[in-house]
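Notes to accompany the following structure.
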Amino acid sequence: MFSPDLVILNVHLATMDEEIGNGYGAIEDGALFIKDGKIEWLGKMAELPEFDALATPTVQGKGAWLTPGLIDCHTHILFSGSRAQEFEQRLNGVSYQEIAAQGGGIASTVRATRQADKEALFVLAKTRLNSLLKEGVTTAESKSGYGLDLENEFKLLEVNRLLDEHHPISVQSTFLGAHALPPEYKGNADGYIELVCEQMLPKVAKANLADAVDVFCENVGFSYTQTRKVFEKAQSLGLPVKCHAEQLSNQHGSELVAEFSGLSADHIEYLDESGVKAMARAGTVAVLLPTAYYFLRETQQPPIQLLRNNNVPMALASDFNPGTAPLCSLRLVLNMGCTLFRLTPEEALKGVTINGAKALGLKDRGVLKVGMRADIAMWNIDHPSQLSYQFGVNDLLNLWILGKLTQC
Ligand code: DI6
Ligand code: FE
């Protein structure tokens with residue numbers, strides 16, 4: 001006999017389990033048991049196992065849908081300051097170069113973030129995580145990258161660990177020291193990469209402050225050779241790598257990250273076929289970021305059909321950041337993945353569940369399956385395609401993280 005801590009009855013399940021052959025891994029007219037923070041049983045109501053119905057707390061689903069808790073596998077939620085005035089200036093005709101010359105752009109976010117203490121950053125990030133939580137997100141990645149010196153990058157990574165501890169969302173910490181060149185290193189990118197590799201990375205690894213290492217490989221970021229140096233160092237310290245790659249041009253960052261058996265190549269609008277093939281061989285996930293594409297009014301589409309043909313898993317994420325994606329909504333991302341990149345609603349939902357988990361190297365979530373973490377969203381919808389179709393209506397009924405009902 002089962003002895004669940006909680007039973008959810010009369011629900012439809014979009015398990016996202018690829019072993020269940022039909023769309024969304026769907027089980028209609030089903031039920032789910034939770035025990036010790038994990039999924040103990042799931043299946044058809046008609047096959048409901050015996051349990052102590054009097055003693056077990058029970059939720060009546062009344063035909064609602066369950067999905068795995070959503071996963072946002074690429075965010076920059078740790079920053080202070082706002083770039084709203086810059087947005088306004090640009091719409092009044094001031095050029096990007098002029099704004100940068102006035103000390104605007106990423107440099108202004110770095111200045112504001114360096115000035116903010118841990119408590120202030122914690123509060124800012126918590127507000128952003130709360131927005132994600134309200135939409136059913138149960139795991140989010142959070143990158144450093146607006147500190148750009150040892151002290152401030154450390155500060156950001158420490159806040160990531162505090163967020164993981166104190167916020168219901170499970171927070172994965174990524175070290176993105178090689179995000180942009182700090183003003184102190186103007187004209188000396190190699191010198192900064194040396195600082196990242198010789199000072200920052202060993203200390204970050206020793207203090208166990210990061211779960212992965214990221215680099216912005218781009219002509220306005222760091223070169224292929226500089227990216228390789230960071231990946232080599234990360235690998236020698238046992239840290240998995242990922243890459244902001246092929247966002248504005250093809251620098252072959254995706255092939256590089258695949259060479260290091262990296263977790264993901266992210267953005268990838270300018271990815272070519274050899275990059276796709278390298279990712280397929282390595283099992284590197286393609287992380288699509290439609291909000292940045294939208295906000296920058298890009299026109300180059302990521303090679304979705306090539307990724308499909310080569311069975312590269314596709315994830316979708318918010319990329320929430322003050323410069324190119326000030327849109328803190330994974331539900332909006334689901335819709336944009338379909339409207340802008342022509343993903344199917346099922347591919348989009350996979351992108352924020354099973355493939356989002358893959359992009360973070362997490363094997364214990366992203367699918368409704370026995371033994372997985374009980375990170376579960378319950379939705380007031382008629383069909384899982386509605387999660388990608390409709391935006392802005394709060395259709396989240398309940399959210400459990402590790403089997404605990406979350407107030408959202
Ligand atoms: N790619 C981007 O689009 C952002 N970072 C990155 O690596 C830009 C971040 C910013 O402008 O603040
Ligand atoms: Fe990003």
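The values are calculated or read from the model by the stated rules, or taken from the named source; none is laboratory data. Computed from a predicted structure; not experimentally measured. Cβ coordinates were reconstructed from backbone atoms using ideal geometry, including for glycine residues, and neighbour counts include every protein chain displayed. Surface accessibility is based on the protein's heavy atoms, side chains included, excluding ligands, DNA and RNA. Shrake-Rupley method; radii C 1.70, N 1.55, O 1.52, S 1.80 Å.
Observations, loosely collected:
Residue by residue, here is whether (1) of a type in the set (A, V, I, L, M); (2) within 16 Å of ligand 2 (Cβ to nearest atom) holds:
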residue	(1), (2)
Gln300	no, no
Gln305	no, no
Leu330	yes, yes
Thr339	no, no
Leu343	yes, no
Gly356	no, yes
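- The residues listed here are Leu256, Leu289; of these, the one that is within 16 Å of ligand 1 (Cβ to nearest atom), open to solvent by less than 10 Å² (accessible area, probe 1.4 Å), at pLDDT 95 or above and under 17 Å from the mean Cα position of the chain (by Cα) is Leu289.
- Identity of the residue in region 81-106, buried (at least 16 other Cβ atoms within 10 Å of the Cβ) and within 12 Å of ligand 1 (Cβ to nearest atom), that ends up farthest from the chain's Cα centre (by Cα): Ile99
- Among the candidates Ala120, Ala112, the residue that is open to solvent by 30 Å² or more (accessible area, probe 1.4 Å) and either touching a helix residue (DSSP H, G or I) at 6+ places or on another chain (Cβ under 6 Å) or in a helix (DSSP H, G or I) (or both) is uniquely Ala120.
- Residue among Ala286, Ala315 that alone is hydrophobic (A, V, I, L, M, F, W, C), farther than 19 Å from Ser249 by Cβ, within 16 Å of ligand 2 (Cβ to nearest atom) and not in a helix (DSSP H, G or I): Ala315
- Only listed residue being of a type in the set (Gly, Ala, Ser), open to solvent by less than 10 Å² (accessible area, probe 1.4 Å), assigned to a loop (DSSP other than H, G, I, E, B) and away from ligand 2 (no atom under 14 Å from the Cβ), chosen from Gly275, Gly262: Gly262
- Pairing residues of region 244-262 that are without any contact (Cβ under 8 Å) to a residue 24 or more places away in the chain with residues that are within 15 Å of ligand 2 (Cβ to nearest atom), at Cβ distances under 6 Å and at least 6 apart in sequence or on separate chains, gives no pairs at all.
- If you go through region 58-91 and keep only what is within 16 Å of ligand 2 (Cβ to nearest atom) and assigned to a strand (DSSP E or B), you end up with Ile71, Asp72.
- Selection of region 144-199 for residues being in contact (Cβ under 8 Å) with a residue 60 or more places away in the chain and open to solvent by 50 Å² or more (accessible area, probe 1.4 Å) yields Pro168, Pro183.
- Qualifying residue in region 296-308 (condition: more than 16 Å from ligand 1 (Cβ to nearest atom), outside the structural domain of Gly392 (by TED's automatic domain parsing), open to solvent by 40 Å² or more (accessible area, probe 1.4 Å) and touching a helix residue (DSSP H, G or I) at 6+ places or on another chain (Cβ under 7 Å)): yes
- Residues of region 222-250 that are surrounded by fewer than 24 Cβ atoms within 10 Å (Cβ to Cβ) and over 15 Å from Gly177 (Cα atoms): Tyr224, Thr225, Gln235, Ser236, Leu237, Gly238, Leu248, Ser249, Asn250.
- Of note, Pro4 does not satisfy the criterion of being surrounded by fewer than 18 Cβ atoms within 10 Å (Cβ to Cβ), assigned to a loop (DSSP other than H, G, I, E, B) and at pLDDT 95 or above.
- Hey, Thr227 within 16 Å of ligand 1 (Cβ to nearest atom), closer than 21 Å to Ile354 by Cα and among the polar types (S, T, N, Q) or not: no
Results for (1) in the same structural domain as Gly63 (by TED's automatic domain parsing); (2) in contact with a strand residue (DSSP E or B) (Cβ under 9 Å, 6 or more places away or on another chain), shown as yes or no for each residue.
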site	(1), (2)
Met314	no, yes
Leu327	no, no
Leu334	no, yes
Thr339	no, no
Leu343	no, yes
Val352	no, yes
His383	yes, yes
Asn394	yes, no
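- Out of Ala64, Ala116, sole residue that is hydrophobic (A, V, I, L, M, F, W, C) and either out of contact with any strand residue (DSSP E or B) (no Cβ under 7 Å at 6 or more places or on another chain) or within 16 Å of ligand 1 (Cβ to nearest atom) (or both): Ala116
- Summed over region 323-332, the residues that are within 20 Å of Leu248 (Cα to Cα) and either more than 16 Å from ligand 1 (Cβ to nearest atom) or surrounded by 23 or more Cβ atoms within 10 Å (Cβ to Cβ) (or both) give a count of 1.
- A search for C-beta distances below 9 Å between a residue of region 62-75 that is free of Cβ contacts under 8 Å to residues at least 60 places away in the same chain and any residue that is not in a loop (DSSP other than H, G, I, E, B), counting only pairs 6+ apart in sequence or on different chains, returns Lys62/Asn10; Lys62/Val11; Gly63/Asn10; Gly63/Val11; Gly63/His12; Gly63/Asp29.
- Number of positions in region 92-106 that are outside any helix (DSSP H, G or I) and within 16 Å of ligand 2 (Cβ to nearest atom): 1
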